[in-house]
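The next block holds one structure in the form of structure tokens; read it before the comments.
Here, each number is a calculation from the coordinates, and none is a lab measurement. If you're wondering where the values come from, they're calculated on a predicted model, not measured in any experiment. Glycine gets a Cβ as well: all are built from the backbone with ideal geometry, and neighbour counts include every protein chain shown.
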Amino acid sequence: MAILSKKQMTEEDIKLNYITPAIIQKGWSEHITMETKVKFTAGRINIKGNIYVRSTPKYADYVLYFTSEKPLAIVEAKDNNHMVSYGLQQAKEYAVMMDIPFAYSSNGDAFYEYDFLTGEEQIIELHKFPSREELFERYLTEINGGKGATEKEKEIISQPYYSSQNTFAPRYYQRNAVNRTVEAIARDQKRLLLVMATGTGKTYTAFQIVYRLLRAGMKKRVLYLADRNILVDQSIEQDFQPLKKTIYKADFSKADCLNKIRSHEITFALYQQMVGLDDIEHFRQIPEGYFDLVIVDECHRGSAKKDSNWRRILEYFADATQIGMTATPKESMYVSNIDYFGEPVYTYSLKQGIEDGFLAPFKVINITTNIGEGWRPYKGQLDIYGNEIEDRTYNNSDYDYPNGVIIQDRIMEVANEITTYLKSTDRMQKTIVFCPTEDAAERMCRALVKLNGDMCKKNPDYCVRITGSDIYGKSKLKYFISTGSDYPVIATTSELLSTGVDCKMTKLIVLDKTVDSMTSFKQIIGRGTRIKEELGKTYFVVMDFRNVTRLFSDPDWDGPIEQNEGFIHTNGSFVRPANGSGNIPPNQSMEIPIVDRNGCKVKIINKTVSVYDTDGKLLRQEDIIDYTRTNIKGEYASLSDFIRRWKATDKKEEIEKTFIELGINLKAIKEEKKMTDVDDFDFICYVAYGKKPLTRQERAGNVRKKDFFSKYSGGARAVLEILLDKYMNQGITEVEDIKVLSLSDFADYGKPAKIVKLFGGKEKYEEAVKELEENIYEA
């Protein structure tokens, strides 16, 4: 057997014969992972038409670890026809993503190194690749400005993550966040800010930080602050479950609260309870030096505000290390996360999450009504109470708001659009409808219940209002967000579901309120970004009735900081609310004019479907029918070309696969257009070439009018007649598959092997089926 020269070897040969042995002989054998294991992204989900496809995930050839928690180097391999440094750029790109300090490239002749801590490059002979200990010492020395690391730093770096059969290993960005945080704490940094997009696992990351710090003995008593019960309960029951025995949820109404705090390592608490009513300040009952670590969940919501009651808690426990966590940091004259916590120690954005395939992409349906830009009552027009309506022009920023007007027909039109969409896709998909006020959420809930009576008959909780003041609705929140509960399906809300709440299966977000704060907008969009691929959740849809999604084109979309908290009108002018808080006053619905259908009829005048990239830039704006038509004509130049290809294709499912590759799910589109009784052939001719479609029943009837069946007799004729019925009810692909003969419909004629003998064998049976198809599609 001829021995290959190095130039003749593939990349895999070079790895096997040169690179892997060079690395292993330096003591990395237990701390190395190869290409098949180092998939560090999931592969972006791309929405094509009405289906999705995943891009290829990112793989690294080699990742070298000091411990399983601390990757030190990444190596990219190339065959020997490339220069030794050829793979360095790719290695550097991956190293930046994975927070790895050393990047290498090799073609089997040597290694080419880039040191991120010094910015220097060098060629290293193959047999002189650094050992695990050498590279770790270099890392520790370089991050400490030439000085060696302290024992505390070595201890925390070596501390393992929590792992068990029921937990997953941290994703690369979660590991980055944990390592950056614990290493900064080991260097005595007191204030830290973690910025991680909604759905990327902030609480899980916080759990791993707490676990490693407790187990390393660097921290002993932890305070975890949030502002909603649901956030506290979710954290304790889900991500912090492995530490549950060490956790106490503070309740200062109980006499033994302080004793409970002292007997547990971790205290979860609401800001509101820590402060207490009338500024009782319960937190002062705890010694100010008691906690040595404070974690502030959703810290953008006011805890860092200089005049905030909550800020007093942080200042009281000032000796503790404090970590702020948020998806949307704020920087303004009113709130400054940066001023308090410092620059983010790590940032993982929504853009990067979608790019990596860990967050769901989305498409937007923008819906315009005939009164969106303005409605003016006629002179002397009365509302339903008999009161005259103020004579002015009302628009989307007025409908259902205090000092505005309630248009009953508009509410029904919005509810009808939501219902129509659900009927055309999936009526059991989790849906959140964001309304201007709690009262507006109630009105929308009633409208949706009216239009979905059949579903509410199955379960009265099909549609529920879930708002802060609704006791019944709030009791249903845990069922709405649970992946194990079908009901409620639709939740109407104002603010409660806009932030923090983990709604993993939300597939439809409806915007029927004006949103001018980028922070609020990001939080609302974040309700849909979680992926549950195993449950069919891969992307989500935003249905926008108030042009809120114009914010995707704002420079601050997915930017690091929101610069203000005021309202930005659609004309671009900035206006701060009169009360200075940005909050909308409580709704007093009886004071708002209500206009019935006779006073204002509303209709939908425009609807567009848009797909955005991760920068918020419009990739395309499309109607799914237009998209389908364009792609069909791109595949088949003319109607005659399509018909010729259709007839020449032995298995019509091959054409169906072609459409799937184009991003077109014909079955879903037919359901949306209420044309499920139309054959794929007719639907394609109708959409792309404007031909009047026949139903499958009509085509089957035409076949029966001919003398096709007269050529067959007995069992063979009966089998063909059953096949025609199958086509009429289910479509041509059912007929083409010989497995159809195994169904109970054909039991009277024996098993498939016996049935084909009725035709003179399998070949003759297939010829008969082919002739049946030709008769079905004749003219």
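Contour minus end-to-end for Gln122 and Leu277, with contour as 0.36 nm per residue of separation and end-to-end as the Cα-Cα distance?
49.4 nm
Amide H of Arg465: which non-local residues (sequence gap of 5 or more, or other chain) have their own amide H closer than 5 Å, using H built in the peptide plane?
Thr492
Considering only the other residues whose Cβ falls under 13 Å of the Cβ of Lys603, what net charge follows from Lys and Arg at +1 and Asp and Glu at -1?
Once positives and negatives cancel, what remains is +1.
Roughly what % of DSSP beta bridges within segment 164-348 run antiparallel, to the nearest 5?
Expressed as a percentage, antiparallel bridges in segment 164-348 total about 5.
May I ask you to evaluate 6.51 cos²θ - 1.76 cosθ + 1.60, the Karplus curve with θ = phi - 60°, for each residue of segment 382-393 and list the ³J(HN,Hα) values in order in whole Hz, giving x for glycine and proline?
These are the phi-based 3J(HN,Hα) values: 9, 8, 5, 8, x, 8, 6, 7, 4, 7, 7, 8 Hz.
Can you check what the net charge comes to around Lys504, using other residues whose Cβ is under 12 Å from the Cβ of Lys504 (Lys, Arg +1; Asp, Glu -1)?
+3
Please report Ser253, Ser744, Ser235, Ser485 as a ranked list, fewest other C-beta atoms within 10 angstrom at the top and most at the bottom.
The fewest-first ordering by Cβ neighbours comes to Ser744, Ser253, Ser485, Ser235.
Go through Gly108, Tyr712, His282 and say which Cα lies farthest out towards the positive end of the charge dipole of the chain; charges sit on Cβ, +1 for Lys and Arg, -1 for Asp and Glu.
Of the candidates, Tyr712 comes out farthest on the positive side.
I need the shape label for segment 624-693. Rule: rounded when a/c is under 1.5, else prolate if a/b > b/c, else oblate, with a, b, c from the alpha carbon gyration tensor.
Rounded.
Which pairs in the list Lys603/Lys670; Lys705/Lys764; Lys667/Lys706 are over 27 Å apart, alpha-carbon to alpha-carbon?
Beyond 27 Å: Lys667/Lys706.
Which of [x] 253; [y] 234; [z] 152 is the computed volume of the Cα convex hull per residue in Å³ for the structure on display?
Label [y] holds the value from this structure.
Decide, for segment 623-779, between rounded, prolate and oblate: order the square roots of the alpha carbon gyration tensor eigenvalues as a ≥ b ≥ c, take rounded if a/c falls under 1.5, and otherwise choose prolate if a/b is larger than b/c, else oblate.
Cα axes put segment 623-779 in the prolate bin.
For the charge dipole of the chain, defined by +1 on Lys and Arg C-beta atoms and -1 on Asp and Glu C-beta atoms about the Cα centroid, which residue among Val735, Met543, Thr492 has the Cα displaced farthest towards the positive pole?
Val735
Give me the percent of DSSP beta bridges within the chain that run antiparallel, rounded to the nearest 5.
45 percent
Run through every distinct alpha carbon pair of segment 164-348 and return the Kirkwood hydrodynamic radius in angstroms, one decimal place.
The answer is 16.5 Å.
Under 5 Å between amide H atoms, partner at least 5 residues away or on a different chain: which partners does Thr321 have, H built in plane at 1.01 Å?
Those qualifying (amide H under 5 Å, at least 5 residues apart or on another chain) are Leu293, Val294.
Quick one: putting +1 on the C-beta of Lys and Arg, -1 on the C-beta of Asp and Glu, what dipole do you get for the chain around its Cα centre, in Debye to the nearest 20?
Dipole magnitude for the chain comes out near 1560 debye.
From the phi of every residue in segment 593-607, what ³J(HN,Hα) in whole Hz does the Karplus formula 6.51 cos²θ - 1.76 cosθ + 1.60 yield, where θ is phi - 60° and glycine or proline is x?
Going residue by residue, I get x, 10, 10, 7, 5, 5, x, 6, 9, 10, 9, 7, 10, 7, 8 Hz, with x marking Gly and Pro.
Is segment 14-139 best put as rounded, prolate or oblate by its Cα gyration tensor, with a ≥ b ≥ c the root eigenvalues, rounded for a/c under 1.5, and otherwise prolate when a/b is larger than b/c, oblate when not?
Prolate, because a/c is 1.5 or more and a/b exceeds b/c.
Can you work out ³J(HN,Hα) from phi for every residue in segment 756-763, in order, using Karplus 6.51 cos²θ - 1.76 cosθ + 1.60 and θ = phi - 60°, giving whole Hz and x for Gly and Pro?
Those phi angles translate into 5, 5, 4, 9, x, x, 4, 4 Hz.
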